[in-house]
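The values are calculated or read from the model by the stated rules, or taken from the named source; none is laboratory data. Given the structure is predicted, the values throughout are model-derived calculations rather than measurements. Ideal geometry is used to build each Cβ from the backbone, glycine not excepted, and the neighbour counts take in all protein chains shown.
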Amino acid sequence: MARMNATVRLTQYAAGGGCACKVPPGELERVLGGLTGGRASGPVPDAGEREGDLVVGVEHGDDAAAVRIHPAADGTGRVVILTTDFFTPVVDDPYDWGRIAATNALSDVYAMGGTPVVAVNLLGWPRDRLPFELAAEVMRGGAEACAAAGTHLAGGHSIDDPEPKYGLAVTGLGDPDRLLRNDAARPGLPLTLTKPLGLGVLNNRHKATGERFAEAVAVMSALNREASQQALAAGVRAATDVTGFGLLGHLMKMMRASGTSAVVDAAAVPYVAGARESLAEGFVPGGSRRNLDWVREHLDASVDEDELVLLADAQTSGGLLVVGELPGHPVIGEVVPARDALLTVR
């Protein structure tokens, strides 16, 4: 289908773009530091006197919340996995933005080893500045991403908003004994990355120049379903997806939660074509530099500053970072016993 309203540049209607518009990680941690999560204080309906079991909450910054539900008739246990993710335009094309935003939201369920079952739309739209025909294209992209994932998309919520925003609230199911978590990394295991980095740099260039980077769009639109299934089949216990806090930020959170450290082989990390060149030309999101500033005190590095900026680059709909080895994906480092520096980059 031909792209509609090609002259409208959606990225110009928002100050940030994609996961680079997240609240800076240091500020977010200060806000969340006093929260313990809301836990059920009474019986769960239809579960007798058994209280709800919040298996994963806010404590370790996991990708989603997971609540155990009472056993099924066959005695198997299940968890309901809940997440939401939305952001301002990361690309100008509304259909591509919708696909990317929906894929990114679904990723939080895959990152925990779950299967997304149903999602609802979240839409903020400047109705006096942008035609609703464009919003329809955004949601068409989201619907096609959900269809590819085998996930129902039903309804949602919209508001009049000065900046366009789109995403999903997603509910999935998982096995409580096979969840992929931030706090389950163990020394001696390799680190695998399932998508290349550099998306933040290229998205920043796209916003500034209007150039379209087909490989970046393809990477951001690719579901993490297969990688999640591979991780479960390999018996992996720890994983996260790499989004707005960059590889270094998400890896640091995992190592801190697990009481371990990590060594990253910078030369083994893959990048989308054009990312290094775009960095050299100055196209760096502010979020990427904030990510690096956040992790720097926990970092022992023997590579140059440009390499560190790329490793901290704020990704949108990035891949999974898995503690274990997955066929067909590069091993970029390993988990080691706790050191003074949570992260070593060589």
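I need the full set of residues from segment 121-155 which are assigned to a strand (DSSP E or B) and either acidic (D, E) or farther than 20 Å from S221 by Cβ (or both), in order please. Outline the logic, then answer.
Residues of segment 121-155 that are assigned to a strand (DSSP E or B), as a first pass: 121-125, 152-155.
Selection gives G124, W125, A154, G155.
Condition check: of a type in the set (D, E), in a loop (DSSP other than H, G, I, E, B) and within 26 Å of T84 (Cβ to Cβ). Does D340 satisfy that?
Spelling it out, it is not the case that D340 is of a type in the set (D, E), in a loop (DSSP other than H, G, I, E, B) and within 26 Å of T84 (Cβ to Cβ).
Condition first: in a helix (DSSP H, G or I) and either within 19 Å of the chain's Cα centre (by Cα) or on the phi < 0 side of the Ramachandran plot (or both). Can you find one or more residues in segment 165-175 that meet it?
No, segment 165-175 has no match at all.
Results for (1) touching a residue at least 60 places away in the same chain (Cβ under 8 Å); (2) more than 28 Å from Y271 (Cβ to Cβ); (3) of a type outside the set (S, T, Y); (4) in the same structural domain as R339 (by TED's automatic domain parsing), shown as yes or no for each residue.
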residue: D108; (1), (2), (3), (4): yes, no, yes, no
residue: T115; (1), (2), (3), (4): no, yes, no, no
residue: R127; (1), (2), (3), (4): no, yes, yes, no
residue: M139; (1), (2), (3), (4): no, yes, yes, no
residue: G155; (1), (2), (3), (4): no, yes, yes, no
residue: E163; (1), (2), (3), (4): yes, yes, yes, no
residue: P196; (1), (2), (3), (4): yes, no, yes, yes
residue: H206; (1), (2), (3), (4): yes, no, yes, yes
residue: G210; (1), (2), (3), (4): yes, no, yes, yes
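When both residues are 6+ apart or on different chains and their Cβ atoms are under 8 Å apart, which pairs have a first residue that lies in segment 333-346 and is in the same structural domain as L308 (by TED's automatic domain parsing), and a second that is assigned to a loop (DSSP other than H, G, I, E, B) and buried (at least 22 other Cβ atoms within 10 Å of the Cβ)?
V335/A185
Which residue is nearest to R181 (Cα to Cα), if the candidates are limited to segment 210-236 and must be out of contact with any strand residue (DSSP E or B) (no Cβ under 7 Å at 6 or more places or on another chain) and part of a loop (DSSP other than H, G, I, E, B)?
Per the stated criteria, the residue is G235.
Look through A145, A135, A149 and report the one residue that is touching a Leu at 6+ places or on another chain (Cβ under 8 Å), aliphatic (A, V, I, L, M), closer than 15 Å to T88 by Cα and at pLDDT 95 or above.
A135
Out of segment 268-320, which residues are at positive phi and either within 19 Å of the chain's Cα centre (by Cα) or at pLDDT below 95 (or both)?
If the condition is that a residue be at positive phi and either within 19 Å of the chain's Cα centre (by Cα) or at pLDDT below 95 (or both), then S317 is the only one that fits.
Condition first: surrounded by 20 or more Cβ atoms within 10 Å (Cβ to Cβ) and either part of a strand (DSSP E or B) or at pLDDT below 95 (or both). Now tell me which residues in segment 69-107 satisfy that.
Scanning segment 69-107 gives V79, I81, T83, D85, F87.
Return the only residue of N182, N121 being in contact with a His (Cβ under 9 Å, 6 or more places away or on another chain), closer than 24 Å to A227 by Cβ, touching a residue at least 12 places away in the same chain (Cβ under 8 Å) and crowded, with 21+ Cβ neighbours inside 10 Å. Break it down stepwise before answering.
On the way: N121 fails: closer than 24 Å to A227 by Cβ.
Only one candidate passes the filter, namely N182.
Of the residues K195, K165, only one is in contact with a strand residue (DSSP E or B) (Cβ under 6 Å, 6 or more places away or on another chain) and surrounded by fewer than 24 Cβ atoms within 10 Å (Cβ to Cβ); which?
One residue alone meets the criteria, K165.
Enumerate the helices (runs of 4 or more DSSP H) found wholly within segment 254-314, keeping only those where 1 or more residues are surrounded by 19 or more Cβ atoms within 10 Å (Cβ to Cβ), without any contact (Cβ under 8 Å) to a residue 40 or more places away in the chain and of a type in the set (A, V, I, L, M, F, W, C).
305-311
Evaluate segment 237-251: report whether one residue or more is surrounded by fewer than 24 Cβ atoms within 10 Å (Cβ to Cβ), of a type outside the set (S, T, N, Q) and not in a helix (DSSP H, G or I).
yes
Which condition number in (1) assigned to a strand (DSSP E or B); (2) of a type outside the set (S, T, N, Q); (3) over 26 Å from A214 (Cβ atoms) is the one that I332 fails?
(3)
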